[in-house]
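Derivation of every value follows stated rules applied to the coordinates shown; laboratory data play no part. Please read these numbers as outputs of a predicted model, since none were measured by experiment. Ideal geometry is used to build each Cβ from the backbone, glycine not excepted, and the neighbour counts take in all protein chains shown.
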Amino acid sequence: MQDIEMTMAKENENDILQELTNREYEHGFTTDIETELIRRGLDEEVIRTISAKKEEPEWMLERRLKAFRHWQTMKHPTWGHLDIPEIDFQDIIYYAAPKPKKKLGSMDEVDPELKRTFEKLGIPLEEQMALAGVAVDAVMDSVSVKTTFRETLKEKGIIFCSISEAIREYPELIQKYLGSVVPYTDNFYAALNAAVFSDGSFCYIPKGVRCPMELSTYFRINAAGTGQFERTLIVADEGAYVSYLEGCTAPQRDENQLHAAVVEIVVERDAEVKYSTVQNWYPGDKEGKGGVYNFVTKRGLCRENAVLSWTQVETGSAITWKYPSCVLLGDNSVGEFYSVAMTNNYQQADTGTKMIHIGRNTRSRIVSKGISAGKSQNAYRGLVRVNAGAENARNYSQCDSLLIGSQCGAHTFPEIDCRNRTAILEHEATTSKISDDQLFYCNQRGLSTEDAVGLIVNGYAREVLQKLPMEFAVEAQKLLALQLEGSVG
Amino acid sequence: MLKVTNLHATVDGKEILRGINLEVKSGEVHAIMGPNGSGKSTLASVLAGNEKFEVTEGSVEFEGEDLLDLSIEDRARKGLFLGFQYPVEIPGVTMANFMKLAVNEQRKFRGEEPLTAAEYLKMMREKAKIVELDTKMTSRAVNEGFSGGEKKKNEIFQMAMLDPKLAILDETDSGLDIDALRIVATGVTKLHTEQNATVVITHYQRLLDYIVPDYVHVLYKGRIIHTGDKSLALKLEKEGYDWLINEQQ
């Protein structure tokens, strides 16, 4: 299976191989006999099985079943600017134990195309090996690295573990916070996720603690084997601070076609959370075959004086559907959303944010940069809502679209719902194209067209990229350029 | 260095260049003058490789190679520089970053190692002095919000950074006040050596007070109809182009 995945990375394979691998991908849910699977389909028995395999307490099973019963009453949403093929939810296997990846002996065995991508992204060799599935233990003592991290965090009282572990070890925290920001009743995929989530991360920063490291660094090494229905819960207690990075710039291949994750963030009084995402799932091939459907619900709740900042760079997936949002419940709380969403070939993205102003003097800022190339469709969808009690709320929104070529589409659906007269809301929007004159100018200074496009796109996205943790900003820049290869000229 | 023979070029099927012959040798300065619409800027664009134009006839040799066979970027890397009449803005990309890429592309092409950050900064400071460019400008986005004078200074700054063999300056004097004109023109003169060559396209003799040309060509309806020395520019300034055009007919 891995070999097939690798092969899919190659763009110019001969037709037969391409057809074969694509077909393989279309039916990506077909079994891999070696892994521990449960039967296809979804019913209460399946949910009981998942819960049992996770050795969950009874209350967790009850939560799952409640969510499932609710999900059964719901219909698949249709409001997105997306063309989603019908998904047969009874044709999916909802639990597969993490598949032991076939370990490769050395980097020489790794697909050259994948290696080329790693090199272009500038990912350190040790990480290349970990990501490509080379047996790293011999090279890098990853266990000790993890242990060091874990000890540093433990000293500060920070909990960072898998959600399954958290359910067993910290039931009081989970019972208090899980589903408190995104209840299972929220939407179709949130309900599905609440019923069947396989794994994910839990992070708790105690009162007054500033997390001493970017959790990105830790997370990246631990990121291998993320699940199909991920569940993430981050709690920053009063006055705490954490910067968290999800995902990875390296290409992520996954045989699961449907990804429906839920991320919940609780930002207590005076606390601050920065959540950065780099999403680079398999986008499908140049003809639009295959690729991941990424339907995500992300939301944070801000208490008094809290700050929540979302930064996302979305380059992967065949279909992306996500709206990281901030509920500004406490007075003086601040929500931010910085986004670069890039689509190429036949990719579709419908993404944006919701800023819900409830407390007084709440502020929010939205900077969205869409980039469409090929035959892709890219939509910004946003809601700024100011409730009646949100005195002196402020919002600034900027939605820019950049078109590359003439066959792609950019759309914006900004919605403002203001119920308080003291609010000040600003909205700016632009649409631009990379002009021939810009390319000629760059070419004349000795830059190739591909480099020029990369440069122009990065310049355009700069304001957002600057918000990423340093090491990822550099990689994300390269990623944007890489994803556009061959889209111009 | 540059040999243009019977060059014809069209845009949207309309013939703009109709048989240009021009030879430029190392150490020379050529001025190209002529009435509006005679094809001056087109000639500059075609030599740089702008794909808006189609070469229908003729040949161009640059440093012994067929120039028309090369991509735009390879022409640039080989040492052909075009100073733009209307420099283009690239939002979000700092001038320093842009030039660093350009300089290192050229070095790569020549088989040289890329410059270190320290070497590059030093080079940038030195070259900025040539056109009295405030180095703070280099941390601004390429040409974004630059005044007319700053844009032109910035073109010559880039020329200084890239040290071209052949610089074609397309109306570098347009839109400049008297002081900026002096600074830009003096900058070009400072960069001129026996190993490189400069072609300036201009409407005005005053630029040629600073950049003294060895030859002055008059372009009219896509052809060079007259070539003289620097005194020709003075005569044109006084008498206009009519006497030459009449001579043609």
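Amide H contacts for A:Y338 (H built 1.01 Å from N in the peptide plane; partners 5 or more residues away or on another chain; cut-off under 5 Å): A:W310, A:T311, A:Q312, A:V367.
Less than 5 angstrom separates the built amide H of B:H226 from those of B:V218, all sequence-distant by 5 or more or on a different chain. Exposure proxy ranking for A:T353, B:T10, based on other Cβ atoms within 10 angstrom of each Cβ and starting from the fewest, stands as B:T10, A:T353.
At 10 °C and 1.306 mPa s, what whole-number value in µm²/s does Stokes-Einstein give for the translational diffusion of the stretch B:1-155, with Rh from the Kirkwood sum over Cα pairs? Taking Rh from Cα pairs, D becomes 91 µm²/s.
Taking a sphere under 11 Å around the Cβ of B:S38 and counting the other residues whose Cβ falls inside, with K and R at +1 and D and E at -1, yields a net charge of +4. From least to most packed, judged by other beta carbons within 10 angstrom and beginning with the fewest, A:Y94, B:Y215 follow the order B:Y215, A:Y94.
Relative to the longest principal axis of the Cα atoms of chain B, the long axis of helix B:148-162 lies at roughly 80 degrees. For the pair A:S106 and A:K75, the difference between a 0.36 nm per residue extended length and the Cα-Cα distance amounts to 6.4 nm.
Do any trypsin sites (Lys or Arg not before Pro) in the stretch B:81-125 lie in a DSSP loop with no more than 13 other beta carbon atoms within 10 Å, and if so, which?
In loop regions of the stretch B:81-125 (DSSP not H, G, I, E or B), the sparsely surrounded trypsin sites (Lys or Arg not before Pro) are B:R110.
From most to least packed by mean Cβ count within 10 Å, the peptides A:173-180, A:403-410, B:50-57 give A:173-180, A:403-410, B:50-57. Less than 5 angstrom separates the built amide H of A:V209 from those of A:A240, A:Y241, all sequence-distant by 5 or more or on a different chain.
In chain B, helical runs assigned H by DSSP with n ≥ 4 each contribute -39500 (n - 2.57); averaged across all residues and rounded to the nearest 500, the mean residue ellipticity at 222 nm is -11500 deg cm²/dmol. Between A:K154 and B:R140, the distance separating the two model label sites (each 7 Å from Cα on the Cα→Cβ line) works out to 5.6 nm. Peptide B:41-48 shows a mean partner chain C-beta count of 1 within 10 Å per residue C-beta. Dipole orientation for the stretch B:2-248: of the candidates B:G111, B:A128, B:N21, B:A128 has the Cα lying most toward the positive pole (charges on Cβ; Lys, Arg +1; Asp, Glu -1). Counting, for every residue in B:132-144, the Cβ atoms of other protein chains within 10 Å of its Cβ and taking the mean gives 1. Applying a DSSP loop filter and a limit of 10 other Cβ atoms within 10 Å to the trypsin sites (Lys or Arg not before Pro) in the stretch A:420-489 leaves A:R421. Each peptide in A:386-395, A:39-48 receives the mean, over its residues, of other Cβ atoms within 10 Å, and ordering these scores from highest gives A:386-395, A:39-48. Shape analysis of the stretch B:88-144 based on the Cα gyration tensor places the equivalent ellipsoid semi-axes at 20, 15, 9 Å, largest first.
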